Amino acid sequence: MKLQHMLAMATLGLVISGPAFAQSELDLVEPIVEYKLYVTERTTQLIEGVTAFVDAIKSGELEKAKALYPAVRVPYEEIEPIAELFSDLDVSIDSRADDYELAEVDPEFPGFHRIEYGLWSRNSTEDLDEVADKLLADVTELHSRIEALTFPPEKVVGGAAVLMEEVALTKISGEENRYSRTDLWDFKANSEGAYTIVNLVRPLIADTEVDFLTEVDANFDKVFTTLAKYEKGDGYVSYLELTEADRNALSAAINTLAEDLSTLRGKLGLD
Amino acid sequence: MANDKTKSPSSSSNLKRRSFLGGIGLLAGACPFTTLALAAPAVLPAEANGHVTDAPLANATSPDDRVPFQGLHQAGIATPRPANGMVASFGVIADTPDDLEHLFRRLTARIGFLTVGGEPPLADPRLPPSDSGIVGPIVRPNGLTITIGLGASLFDDRAWLIDHKPMRLSRMTRFPNDALDAALCHGDLSLQICANTQDTTIHALRDIIKSLSDRLVLKWKQEGNVPVITPGLDQSVESSRNFLGFRDGSANPDAGDDHVMDQLVWVGARSGEPEWAECGSYQSVRIVRNFVERWDRTPLREQELIMGRVRNSGAPLDQPDASEFDVPDYAADMEGLSTPLDSHIRLANPRTAETAESIILRRPFNYSNGVTKAGQLDQGLLFICYQADLEKGFIAVQRRLDGEPLEEYIKPVGGGYFFALPGMRGDADYLGSTLIAALRKAQTQTS
């Protein structure tokens, strides 16, 4: 057992913790192994989802493609900190029109949001076959790269804050899915992804960081209960239905989570 | 106190200046906690300034300039206007009086640290630093003031607060020349942040955003500045110019005259306002875009007739060889032959007995943001003013200005009305405590 841990540590390249945070580096091995299982499960779902999505687009089933879109993105949004480690794929899968000089009509504009623009703003599946094929190829590539990846612990632990930063940066404003207004799905997925990481490392700080965990749990609870008010069927109503008061409440909870979770790496002794 | 304002040779107001303590003495009876306040301030201001809008003096400021944040009134209203200012507006997360008290206490603690200065606590380098570091490892006050205002929505949206709303506090409504952008308007809480340098104001804003993320959600902000002025050979100091090239602030009431301030700026005991609001003030903020390209294509004579002053000197038009501090004689010019009846300064302040109570304390900054879609400069005035009665003050003034010829060159696009809290009584007190006490009292009475 001891030997296995040592080997795992070596492959994970764990950074040794200092005296301020008396955390055994061994303790992180198990959460990270579990997190990798979680991530590969999500990328498997992502490939399945995108496959059906691409089929719908290529067979011209506009309404079906629209219905699939928000749920297909969920596994990607849940694991964004890991997906973002491959910046070429992240750009190709999930960049937004703002990232391109000519915005929506820029021929370089790819991925989910290019398709979203076509389905909603142009109300059509036309001219999307090539973009759709590329999306499927990209998520398949993502899956195999992640399988081969040694997860950097600081990226995993830091990922909880990164996900909250994502929400604070683009989801709270409704800019991410501006054509479909399905931002609340992403909102939930990012938050779930962050909470998963917190729960994986929770045993390591449960005794030493009681107040911290209480506050973090309370803020996640605020996010999830506020979002629950907007559930509809298996998903969520349009972002436009979010009230100003709830948007404020979510924004405060999200930013406070981003602040709090930004200390998680340090609390676990990771540089 | 490195900032010895006694040296500042503002021509009009030196004689009228009084020390801060003297001011408090004169105010006895005007505010409910006067006697307590006398014992309070640990640091005294060098001087209360005569004219809030006297231009900041070149080479006269120091990073150690400190404006006391405790006292009868909040700092940043009747205290001298430094070179840089900002208004930031927030949504407030507070479901109970406890939540609001929590917000006020923590905000006061941050204001206490930032306006006094010191060394932020060092954190383990594996944690995010406690301070942004943009002003260096030691935070120096640099003349910083942070003034808290409360918007109508804070009260209107909360059943437990609504009965405590200041009587004249309303949601800013559109004036005929306005083109208000919803993203730049209103808010539950405003912070006016002023300092000698821009980095100090930005540092303060970032500190508060980081420290209070669970209670404050930033809605909009506008930064501005005013040019610093080198005194002339005769030691006179002109008012700073706005982006229309005219001096702004010439006819401001004398902030060194406590009687004038009590009448015009501070909410007093017999105002009909809730007791907790005494010693506070109504804050009106307007983001007023200036069409500077069009203005620069307007003949000088026309510019002067629109404003009512000589551009270069600031002199009133009926005394073109006088200075900006000389007062126009409208009684001798009833037909507006010298100063047109619809000129900006004449409409804003007709200098009649009937309009005397609509005099407001202006504390504006110029802003320069970027370029519009039409390729024009996005510049203008971050107009801030204070008054004891919002309706008799800013709203009355703006109604008189509605339709003025200047409107062709300006467009208000944002802002809001807020109530600047009363001051605080010492280290154990906090900004907003009188409102919280009123809420507690109401709670006990109903339970």
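The values are calculated or read from the model by the stated rules, or taken from the named source; none is laboratory data. Only a predicted model underlies this, so the values are computations on that prediction, with no experimental measurement involved. For neighbour counting, all protein chains shown are included, and Cβ atoms are generated from backbone atoms with ideal geometry for every residue, glycine included.
Numerical summary
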| quantity | calculated |
| --- | --- |
| Residue count for the range B:303-315, restricted to those that are at negative phi and either modelled with pLDDT of 95 or more or aliphatic (A, V, I, L, M) (or both) | 9 |
| Options B:358, B:284, B:323: the member that is among the polar types (S, T, N, Q), touching a Gly at 6+ places or on another chain (Cβ under 8 Å) and within 30 Å of residue B:430 (Cα to Cα) | B:284 |
| Residue list for the range A:127-151, filter: of a type outside the set (A, V, I, L, M) and touching a residue at least 24 places away in the same chain (Cβ under 8 Å) | A:129, A:133, A:134, A:138, A:140, A:141, A:143, A:145, A:147, A:150, A:151 |
| Neighbours by Cβ (under 6 Å, 6+ apart or cross-chain): first from the range B:331-342, at negative phi; second outside any loop (DSSP other than H, G, I, E, B) and modelled with pLDDT of 95 or more | B:339/B:333; B:339/B:346; B:340/B:305; B:342/B:405 |
| Any chance residue B:442 is among the aliphatic types (A, V, I, L, M) and surrounded by fewer than 17 Cβ atoms within 10 Å (Cβ to Cβ) | yes |
| Lone qualifier among A:142, A:128, A:119 - being in contact with a Phe, Trp or Tyr (Cβ under 9 Å, 6 or more places away or on another chain), of a type in the set (A, V, I, L, M), crowded, with 18+ Cβ neighbours inside 10 Å and farther than 30 Å from residue A:32 by Cβ | A:119 |
| Residue in the range A:154-164 that is more than 14 Å from every other protein chain (Cβ to nearest Cβ), in contact with a Gly (Cβ under 7 Å, 6 or more places away or on another chain) and crowded, with 24+ Cβ neighbours inside 10 Å present | yes |
| Matching entry among B:260, B:267 (being surrounded by 22 or more Cβ atoms within 10 Å (Cβ to Cβ) and not assigned by TED's automatic domain parsing to the domain that holds residue B:312) | B:267 |
| Residues of the range A:167-177 that turn out to be touching a residue at least 24 places away in the same chain (Cβ under 8 Å) and surrounded by fewer than 24 Cβ atoms within 10 Å (Cβ to Cβ), as a count | 5 |
| Residue in the range A:201-215 that is in a helix (DSSP H, G or I), at negative phi, touching a helix residue (DSSP H, G or I) at 6+ places or on another chain (Cβ under 9 Å) and within 13 Å of chain B (Cβ to nearest Cβ) present | yes |
| Exclusive hit being touching a strand residue (DSSP E or B) at 6+ places or on another chain (Cβ under 6 Å), within 14 Å of chain A (Cβ to nearest Cβ) and modelled with pLDDT of 95 or more, set B:132, B:89 | B:89 |
| Extreme residue, farthest from residue A:128 (Cα to Cα), among residues of the range A:36-72 that are among the basic types (Lys, Arg) and in contact with a helix residue (DSSP H, G or I) (Cβ under 6 Å, 6 or more places away or on another chain) | A:42 |
| First in the range A:193-213 and in contact (Cβ under 8 Å) with a residue 40 or more places away in the chain, second anywhere and of a type in the set (Lys, Arg) and part of a helix (DSSP H, G or I), Cβ under 7 Å, 6 or more apart | A:205/A:267; A:209/A:267 |
| Contacts under 7 angstrom Cβ, first residue in the range A:114-126 being within 13 Å of residue A:177 (Cβ to Cβ), partner surrounded by fewer than 21 Cβ atoms within 10 Å (Cβ to Cβ) and of a type in the set (Phe, Trp, Tyr), 6 or more apart | A:116/A:179; A:117/A:179; A:120/A:179; A:121/A:179 |
| Number of positions in the range A:201-244 that are under 16 Å from the mean Cα position of the chain (by Cα) and crowded, with 18+ Cβ neighbours inside 10 Å | 2 |
| Residue that is nearest to residue B:64 (Cα to Cα) [pool: residues in the range B:97-125 that are within 14 Å of chain A (Cβ to nearest Cβ) and part of a loop (DSSP other than H, G, I, E, B)] | B:121 |
| Candidates B:309, B:346, B:297, B:301, filtered to the one that is under 22 Å from residue B:178 (Cβ atoms) and basic (Lys, Arg) | B:346 |
| Residue satisfying all of: in the range B:135-160; within 14 Å of another protein chain (Cβ to nearest Cβ) and surrounded by fewer than 20 Cβ atoms within 10 Å (Cβ to Cβ); farthest from residue B:204 (Cα to Cα) among these | B:159 |
| Only listed residue being at pLDDT 95 or above and either among the β-branched types (Val, Ile, Thr) or assigned to a loop (DSSP other than H, G, I, E, B) (or both), chosen from B:233, B:244 | B:244 |
| Subset of the range A:34-68 (residues that are of a type in the set (Ser, Thr, Tyr) and closer than 29 Å to residue A:200 by Cβ) | A:35, A:38, A:40, A:43, A:44, A:51 |
| Qualifying positions in the range A:52-64 - surrounded by 14 or more Cβ atoms within 10 Å (Cβ to Cβ) and either in contact with a Lys or Arg (Cβ under 8 Å, 6 or more places away or on another chain) or touching a residue at least 60 places away in the same chain (Cβ under 8 Å) (or both) | A:53, A:54, A:56, A:57, A:58, A:61, A:62 |
| Top-ranked residue in the range B:202-240 [being among the polar types (S, T, N, Q) and surrounded by fewer than 19 Cβ atoms within 10 Å (Cβ to Cβ); ranked as nearest to the other protein chains (Cβ to nearest Cβ)] | B:211 |
| Within the range A:224-256, tally of residues that are farther than 13 Å from residue A:172 by Cα and facing chain B (nearest Cβ under 9 Å) | 1 |
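Every residue, every condition in (1) in contact with a Lys or Arg (Cβ under 9 Å, 6 or more places away or on another chain); (2) at pLDDT 95 or above, yes or no:
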residue: B:237; (1), (2): no, no
residue: B:240; (1), (2): yes, no
residue: B:248; (1), (2): yes, no
residue: B:257; (1), (2): yes, no
residue: B:290; (1), (2): yes, yes
residue: B:301; (1), (2): no, yes
